[in-house]
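Visitor: To start, I am sharing the structure in question, which I have written as structure tokens.
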């Protein structure tokens, strides 16, 4: 039985340190990664590569995470992509907006590395 190819995770965050840390965690866990520094770039990479999971920050210049998620959800070619918000925006209103824009999971910063990786694993296994 052949091994299933590694899942692809698209990481979208305008903070270089957070983006590098997320990429390191995901690659260490065996995932292929794509990175983007804003919503426009993230959307273009999602359309080109159809990642298994898209991890979005909310507060980014230009197209914010909520807008990016809505555009992803509006594209039938990306309907199988799972969306995770990873953001400092932590109010109940923010969470509702995140889920309303199409996210499966909403995680607030600071976050636990093991919980983040478990979330990816569960979304890929059951997504």
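Visitor: Using R₀ = 35 Å, calculate the FRET efficiency as 1/(1 + (r/R₀)^6) where r is the Cβ-Cβ separation of residue 29 and residue 70; round to 0.05.
Guide: The pair residue 29/residue 70 has a calculated efficiency of 0.80.
Visitor: Could you work out the mean projected area of the convex hull around the alpha carbons of segment 60-122, in square nanometres to one decimal?
Guide: Mean orientational projected area (segment 60-122, Cα hull): 4.7 nm².
Visitor: Show that you can apply the helix-only estimate: for the chain, add -39,500 (n - 2.57) for every DSSP H stretch of four or more residues, divide by all residues, and state [θ] at 222 nm to the nearest 500.
Guide: -13500 deg cm²/dmol
Visitor: With labels modelled as points extended 7 Å from the Cα through the Cβ direction, what inter-label distance (nm, one decimal) is found for residue 108 paired with residue 79?
Guide: Taking the simple label geometry, residue 108 and residue 79 are separated by 3.4 nm.
Visitor: Computed from these coordinates, which is semi-axes √(5λ) of the Cα gyration tensor in Å: [x] 20, 17, 14; [y] 50, 15, 9; [z] 23, 19, 14?
Guide: [x]
Bear in mind these aren't lab numbers, they're just calculated from the coordinates by the rules spelled out. Just so you know, these numbers come straight off a predicted model, no measurement behind them. We place every Cβ from the backbone using ideal geometry, glycine too, and count neighbours over all the protein chains shown.
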